[in-house]
1. Give the distance, in whole Å, between the Cα centre of the stretch 294-323 and the Cα centre of the stretch 398-435.
2. Amide H to amide H, which residues 5 or more places from I13 or on other chains are under 5 Å from it, using H placed in the peptide plane?
3. Under a plain spin-label model, where a point goes 7 Å from the Cα along Cα-to-Cβ, how far apart in nm are V393 and L178?
4. Output wanted: per-residue J couplings in Hz (rounded whole) for the stretch 310-327, from phi through Karplus 6.51 cos²θ - 1.76 cosθ + 1.60, θ = phi - 60°, x for Gly and Pro.
5. What's the exposure ranking of T368, T72, T176, T194, going from fewest to most Cβ atoms within 10 Å?
6. Which of D295, D309 has the fewest other C-beta atoms within 10 Å, and how do the rest follow up to the most?
7. Output the pairs from K374/K429; K314/K409; K179/K260 with a Cα-Cα distance over 23 Å in this structure; if there are none, say none.
8. Using the Cα atoms as the points, what is the convex hull volume per residue of the chain in Å³?
Amino acid sequence: MPAQTKEGLKRVIGARGLAANIVNITVGAGIYVLPAIVAIQVGNASVLVYLFCAVMLISIMLCYAETGSRITTSGGSYVYVEAAFGPFAGFVVNWLFVFGWGSAGSAALMNVAADSLATFFPVFSMAMPRAILFFILTALFILVNIRGARQSMRLVELITLFKLLPLAAVIILGLTNLKFNNLHWPQHLPPVKTFGQTALVLFFAFAGFETALNSSGEIENPRHAIPRGILFGGGLVFVAYIIIQTITQGVLGAQIHLFKDAPLAAVAERILGPIGGAALLIAAIVSSLGVVAGDILASPRLLFAGANDGLFPKFLGKVHSKFATPYVAIIFYAGLIFGFSISGGFKELAILSSGSLLLIYLSVVLATIKLRFKKEPGNEQGFKAPGGMLFPVAAVIAIVWLLSHLTMKEDIATASFVAFVCLIYFLMKLSRRVT
């Protein structure tokens, strides 16, 4: 019988399930276009950009692993920041995650899946059929998630396996079609500005592992499972990405710019013919929907945790009497995704995603630093990142550097949203004093 937490949830997600959801959420539709974007911008210096991003991500992941092994309730980034800096900081991070990063990004991926389906079935380019498709998919994800995290994890693991199989086929078959003269070391390194812009794009292709931690309250033996799940899942994603980049450049060479919208499909078509390209397109659809499924498993726990702490309406903190899942939060969050998907409003909100995620990462890294010096019972039993302050400081430097490469539009959108969230917080606080 799974252990039940004081929140009323059941711990049924193991290290394998956590790692699978990290891979599932991170490996989305972006991997199918990313190799061309990177190659066009920096050419054969792409491996250097990958290594640079790997060091940044490892630094951030180690901070999450350390703090996540000590704070094991649902909420992920939100509860980490709240534990270190109090309810105001936690409130801002919660809103940034739910509205600035999570629901808008999943709504965009729902539309990516519909666009891809439209190449097979043109009817899905029309508004009403798309809305019906989004409703059916949303209802399916809600039903699976309400029935329990264990069932949700089985779906996530199945989707993860399905999305990795075609990528593995491209890697294995691509090795036999490599042209090593396409992989020569570059004579000139790209300019710093170009390198930074490419690193920013690549950084967000690796993002997503933190979403899986929102369901920390349902992870078995979290002090051990969270570090293992983060490091194994993140490591697998990095290895897969860099191999796929090498395969794509090695097969397509200088012609890669001709296939900037679907470079992996072009590789598959060269190896297997038209059927290979169609298979990769189907895999891209599954990848997009898999990310949404993983997000609906994890992100409603932010609303649930926030409701229990008084940041959101209390009804979002209700737990299903039979399935022990935060069913109201699941329905509400999935409804947000559905609403953004059919309205098109998500496009404007998605502008916030890059700045929102970087601020969330920065907050968690700073929380890790502060919590190291906060002596609490049980803290000494958790995972501690090696190297002292090396990785937290490296993460802070990397995040600030990436923030400097955001566009003016992204800066203004993010700052405006943070100001709006702050206003809501203080109005809520004022209303409580009055009542």
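1. Spelled out, the Cα-based centre of one part sits 22 Å from the other.
2. Residues meeting the criterion, in which the H sits 1.01 Å from N, are I219, E220.
3. Here the answer is 3.8 nm between the modelled labels.
4. x, 7, 10, x, 4, 5, 6, x, 6, 10, 5, 5, 9, 9, 6, 10, x, 5
5. Values: T368 26, T72 19, T176 8, T194 14.
The order, fewest Cβ neighbours first, is T176, T194, T72, T368.
6. D309, D295
7. K374/K429; K314/K409
8. Roughly 145 Å³ of hull volume per residue.
Every number in this text was worked out from the coordinates using simple rules, so none of it is lab data. Please read these numbers as outputs of a predicted model, since none were measured by experiment. Please note: Cβ atoms are built from the backbone with ideal geometry, for glycine as well, and neighbour counts cover all protein chains shown.
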